[in-house]
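The structure appears right after this line, and notes come after that.
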Amino acid sequence: GTPGNDFSMTVELPGGGQIAITIIGGNIPENFTLVYTTVESEPTILPAGWMFFGTIFNLDAYQDGNEVPNYTLNGDGATIVINYIVPTLRTVEVNQDYIESSLQLKQLESGKWIDTTRIGEVDTETKVITSTTTQMGQYALFAETMKTIYLPIVLK
């Protein structure tokens, strides 16, 4: 990416779907190369009440061939649009009850999945999630699991 010039890339997801990343030129503080890498393993730590939804990747910034840790974009940063497929993304079978409208992109930070993206919108009809972020790092898609409440029955 170059300051003042818009940047975009599209990546096909294993198992179908795609991720499109767009950065408006004014959000790029200095020249860099954005590297998208698919992570082959599933997360071993999950946020409480959430399930992994089959998409995990790294976004890294490089300058002069060297990774720039903590590279931060200006303004609204990057827009990440994920076109997803249900019931499978990647090789993961989604066989739990989940709330599709809760799909959210989370970032791994200090061993925990946190909400660093600005929650955009989830369109369950067209299967599109839109988020924005200013940070580089590892991201994964999660869905909130449905909670079952059991009530006792008293018979007299």
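The values are calculated or read from the model by the stated rules, or taken from the named source; none is laboratory data. Quick caveat: nothing in here was measured; it's all calculated off a predicted structure. With ideal geometry, Cβ positions are generated from the backbone for all residues, glycine too; neighbour counts draw on all protein chains shown. We work out accessible area using only protein heavy atoms, side chains counted, and drop any ligands, DNA or RNA first. Shrake-Rupley method; radii C 1.70, N 1.55, O 1.52, S 1.80 Å.
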- (1) at positive phi; (2) in contact (Cβ under 8 Å) with a residue 60 or more places away in the chain all hold for Gly65 apart from (2)
- Query: Do we have Pro47 as farther than 24 Å from Gly1 by Cα and either aromatic (Phe, Trp, Tyr) or buried (at least 17 other Cβ atoms within 10 Å of the Cβ) (or both) here?
  - Reply: yes
- Item | Output for the range 35-59, where each listed residue is farther than 22 Å from Ser102 by Cβ and free of Cβ contacts under 8 Å to residues at least 60 places away in the same chain | Val35, Tyr36, Thr37, Thr38, Glu40, Ser41
- Condition met for Ser101 (open to solvent by 20 Å² or more (accessible area, probe 1.4 Å), of a type in the set (Gly, Ala, Ser) and more than 30 Å from Glu125 (Cα to Cα)): no
- Message: So in the range 107-123, with the set limited to residues that are open to solvent by less than 50 Å² (accessible area, probe 1.4 Å) and either over 10 Å from the mean Cα position of the chain (by Cα) or at pLDDT below 90 (or both), which one is farthest from Thr72 (Cα to Cα)?
- Response: Val122
- Residue, least open to solvent (accessible area, probe 1.4 Å), within the range 124-142, restricted to residues that are touching a Ser or Thr at 6+ places or on another chain (Cβ under 8 Å) and more than 24 Å from Phe32 (Cβ to Cβ): Leu141
- Message: Checking the structure you have, find out if any residue of the range 2-14 is surrounded by fewer than 17 Cβ atoms within 10 Å (Cβ to Cβ), farther than 30 Å from Met146 by Cα and of a type in the set (D, E, K, R).
- Response: yes
- Message: Considering only residues that are open to solvent by 20 Å² or more (accessible area, probe 1.4 Å) and either basic (Lys, Arg) or over 17 Å from the mean Cα position of the chain (by Cα) (or both), which ones fall in the range 50-75?
- Response: Tyr62, Gln63, Asp64, Gly65, Asn66, Glu67, Val68, Pro69, Asn70, Asn74, Gly75
- Task: Look at the range 18-40 and say how many of its residues are open to solvent by less than 20 Å² (accessible area, probe 1.4 Å) and under 14 Å from Tyr84 (Cα atoms).
- Result: 1
